[in-house]
1. Do we have A:THR40 as farther than 18 Å from A:LEU207 by Cα and of a type in the set (Val, Ile, Thr) here?
2. Test A:ALA72 against the stated conditions and say whether it is surrounded by 22 or more Cβ atoms within 10 Å (Cβ to Cβ) and among the hydrophobic types (A, V, I, L, M, F, W, C).
3. Consider the range A:80-101. How many of its residues are more than 18 Å from the chain's Cα centre (by Cα) and more than 14 Å from A:GLY191 (Cβ to Cβ)?
4. Look at the range A:152-170 and say how many of its residues are of a type in the set (D, E, K, R) and either in a loop (DSSP other than H, G, I, E, B) or at the interface with another protein chain (Cβ under 10 Å from one of its Cβ atoms) (or both).
5. Give the residue that is farthest from B:ILE356 (Cα to Cα), with candidates limited to residues of the range B:103-128 that are touching a residue at least 60 places away in the same chain (Cβ under 8 Å) and within 11 Å of chain A (Cβ to nearest Cβ).
6. Can you give me the number of residues within the range B:266-307 that are modelled with pLDDT of 90 or more and under 30 Å from B:THR358 (Cα atoms)?
7. Would you confirm, using the coordinates I've provided, whether B:ARG324 is part of a loop (DSSP other than H, G, I, E, B), modelled with pLDDT under 90 and under 30 Å from B:ASP132 (Cα atoms)?
8. Being in contact (Cβ under 8 Å) with a residue 60 or more places away in the chain, farther than 25 Å from A:THR24 by Cβ and within 11 Å of another protein chain (Cβ to nearest Cβ) is the filter here; which residues of the range A:182-230 pass it?
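The values are calculated or read from the model by the stated rules, or taken from the named source; none is laboratory data. None of these values were measured; they are calculated from a predicted model. Cβ placement follows ideal geometry from the backbone for every residue including glycine, while neighbour counts extend to all protein chains displayed.
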Amino acid sequence: MQRETWVVILVLLLAGGALYLHITTTTEEFSRHNIGWNGTSNLPAEDVRDLSRLDPGSTLLILAPDRPFTAAEVGYLRAFLDGGGRIIIADEEGAANPLLVDLESEIRVRPGNLSSLERDYAHPGLFKGYVVENDTLFAGVETVLLNRPAAVEGGEPLVETSVFTWDDIDGDGHVGEGETFGRRVVCAREGNLIVLGDASLFINAMLPENTKFIENLQPVQIDAVHSRTGSRNPIINTLTWIEERPPAVAALAALAILPVAWRFGRKRE
Amino acid sequence: MRPRASHIILAAAAVLLILLLAGEAVDPVLYAAENISTAAHADPSTIEKRSPGDAASVVPLMDELLGHTGTLALTIKVKDYESAERDLARYSELSSQFDRLVVKLDLSETDIAEFQKSNRQNQEAMAALLNDSQRLDELKSLEIEVLDGDQRMAVIYEGEALRQKMKETYTAYANREPETARIATRYGANATSYEESVDVLDEVVGAAEEWQEGNGTSSGAPRSPLTISITPREGRYGENLTINGTYGGGIPGTPVTIYIDSRIARNTTLDGNATYEYPYRIGRVLAGPHLVYATAATIFSEVTTFDVLAADTNISLAVVEVNRTAVACTGNLTTEDGRPVLEAPVLLRVDGETLISTETDGNGTYARTLVLTGGEHTIRAEFNAAGYPLNSSRSQVETLQVRGEGLSPFPFIAAIAAALGAGWYIRRRGLPEEHPVQEEPDIEPPPEIAETVPSVEIEGLPPREAATLLFRALRERLGIPASKTPRECARLAPDHAAFFERYERIRYAGEVPTEEELRSMEREALGRG
């Protein structure tokens with residue numbers, strides 16, 4: 001084969017790889033297809049689309065929910081909880097509150113702009129939360145690095161902020177008029193239901209910061225239907241649809257192999 | 001693959017790659033990822049790390065400060081003045097540390113700042129009570145030595161003045177306790193020692209009163225011949241109060257010393273009417289009650305008080321570019337009624353973190369030139385009113401773009417020099433583009449270089465084998481290496497391209513040449529035509 005042919009093949013492979021990466025990834029916040037810092041592609045979790053088939057006794061993570069749950073789905077979740085399963089709802093925008101009501105929980109997420117003076121980073125929204133109660137999720141964990149969390153009300157507190165935390169209403173990064181210091185609960189539990197006011201704990205950039213916590217979470221299934229972990233990119237959704245259907249994968253593989261087989265067959269003749 | 005086709009595919013692939021990369025390449029994050037954040041979160045790997053100790057030390061420091069009040073009160077009570085001096089020095093040092101922390105953490109609008117103010121007042125009260133207790137003990141000793149006459153009266157007058165002063169000081173101290181303890185408790189600091197200090201100091205002041213009562217001078221003490229009054233009894237920063245009085249029986253020209261909060265405020269003399277006067281301008285003193293008394297030789301006046309009321313302040317900031325890297329920050333610091341605040345510390349907070357100190361002049365104006373790196377910066381002027389009867393203020397945040405040092409010409413000069421050098425070198429070595437044949441010396445096998453005509457006998461051979469012999473003959477005649485394929489031969493000898501292409505089809509596509517074609521190929525192979 002000529003040298004030019006090799007070069008062409010190499011460049012085409014590179015171009016194809018770049019194109020594949022380009023069309024199969026996204027920059028959408030929390031997306032499992034986002035390989036950037038704000039995606040969740042590196043979170044070790046199994047995507048679940050059918051809540052009626054949850055493994056009893058396992059952990060389900062509902063991360064940054066943004067779509068409503070049907071009555072049937074709420075029923076599945078309640079049955080899952082009753083069966084000893086653990087549900088972790090990570091939300092910082094309050095979108096989980098209707099689900100919490102449906103699950104007859106007293107816990108609520110109160111969105112805000114929590115900031116703290118007691119921090120290791122220049123960003124006021126990037127600060128430590130302190131584990132205040134024993135739970136397997138926080139076994140061996142004393143502090144959690146929070147990332148612009150929301151306060152959580154009700155339930156039994158699991159993680160609290162330091163006393164030098166305030167809701168930065170005007171967003172100027174310092175405690176001003178009408179803003180007061182005080183401890184805030186950012187994670188609480190009610191039986192097997194845990195509500196965490198910080199979905200950002202699971203983004204790629206945060207995984208190395210809270211390794212033990214992520215380790216404790218395993219094995220975990222992640223709701224891929226009602227949360228922002230999906231994508232609005234039609235190409236990604238089409239590829240996902242194909243991946244989930246073995247016959248479609250087989251058909252696609254056949255489509256790719258046939259021209260090659262035909263070409264080789266012709267050559268042999 | 002044809003060269004033209006491969007070039008088109010390469011170009012198309014390259015364009016596709018460039019287009020894909022171009023979309024990302026213009027993103028500055030690729031080159032300087034800094035402070036990346038969205039509404040939901042920030043990227044910790046791009047956020048500057050800082051010392052975690054600042055905020056974490058607030059509550060322990062509050063604890064220490066409160067603890068020191070208890071210790072200090074006890075040492076004053078047991079009259080261990082040497083230890084008390086040491087404790088007070090340490091207390092003062094911790095208070096300064098706490099003041100700096102409040103400024104650094106930008107806590108001036110929180111209740112921590114309230115705590116800071118109370119703590120400063122407590123520190124002053126402790127210092128005053130320590131001094132007064134020491135002086136009271138001296139008076140007690142003196143009283144034993146001096147049994148009668150004017151000197152005894154002087155001791156009694158001073159003792160009475162001290163008693164009143166200690167009582168006033170203690171009352172203010174005790175009044176601050178509930179709020180200060182509430183703030184401390186809110187942050188988890190232990191206020192027990194501080195609360196106990198109030199009781200201990202009550203005993204200290206009570207002992208002073210008992211001694212005066214023992215002299216029969218506490219409530220019905222003879223009026224001192226040296227009187228004192230203040231008008232008006234309250235004022236704000238920059239306002240004048242008049243402190244005056246008379247000395248019954250005093251001789252004109254007698255020196256009179258006026259004390260404010262136990263510190264000498266002014267030395268004056270009695271005039272012809274045996275009166276004295278001191279116009280006192282309220283400056284850098286804490287808001288709240290202040291004690292005043294006067295002495296003329298050994299005679300003490302009674303103790304009187306005046307109140308300093310807190311006032312709001314305004315601070316302005318104007319930023320003007322001086323050069324590419326320096327900006328001049330100027331502004332005025334005034335009270336709410338427009339009085340300039342003189343020689344007061346002003347902080348310039350750059351980018352929310354860095355603090356640069358300056359000071360107002362005699363007109364309440366400050367000026368400071370800052371050297372900044374290129375890029376966008378924010379500056380805010382702040383007046384932290386610690387020690388003043390004023391409330392803190394801060395200016396509007398000014399955002400400015402600093403041009404920074406211009407690009408250094410050296411990289412450009414180096415690049416141009418490198419380009420020129422490379423050009424010279426390539427020219428000297430010979431540009432490949434200019435001598436493409438040098439890359440592949442066998443690319444132009446001139447037909448004339450091998451004119452030896454091989455002998456070929458194709459009669460009787462099968463047509464395809466005959467064609468192969470003719471191909472080899474022509475290749476040999478043209479001096480083309482035997483390793484070359486027909487297609488390569490066509491490229492190397494374009495004049496015979498038709499021959500080689502025909503042979504390629506015969507060889508690889510299985511075509512069979514006609515007799516006529518073979519004759520034509522033979523002529524070409526042997527160079528007869």
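1. Numbers: farther than 18 Å from A:LEU207 by Cα: no; of a type in the set (Val, Ile, Thr): yes.
For A:THR40, the condition - farther than 18 Å from A:LEU207 by Cα and of a type in the set (Val, Ile, Thr) - is not met.
2. Working: surrounded by 22 or more Cβ atoms within 10 Å (Cβ to Cβ): no; among the hydrophobic types (A, V, I, L, M, F, W, C): yes.
Taking the combined requirement at face value, the residue does not satisfy it.
3. Counting residues in the range A:80-101 that are more than 18 Å from the chain's Cα centre (by Cα) and more than 14 Å from A:GLY191 (Cβ to Cβ) gives 2.
4. Just the residues of the range A:152-170 that are of a type in the set (D, E, K, R), to begin with: A:153, A:156, A:160, A:167-168, A:170.
Filter once more, so that each one left must be either in a loop (DSSP other than H, G, I, E, B) or at the interface with another protein chain (Cβ under 10 Å from one of its Cβ atoms) (or both): A:168, A:170.
Residues flagged as of a type in the set (D, E, K, R) and either in a loop (DSSP other than H, G, I, E, B) or at the interface with another protein chain (Cβ under 10 Å from one of its Cβ atoms) (or both) within the range A:152-170 amount to 2.
5. B:ASP111
6. Final tally of qualifying residues: 6.
7. On the way: part of a loop (DSSP other than H, G, I, E, B): yes; modelled with pLDDT under 90: yes; under 30 Å from B:ASP132 (Cα atoms): no.
Considered against the rule, which asks whether it is part of a loop (DSSP other than H, G, I, E, B), modelled with pLDDT under 90 and under 30 Å from B:ASP132 (Cα atoms), B:ARG324 comes out as no.
8. A:ASP198, A:LEU201, A:GLU209, A:ASN210
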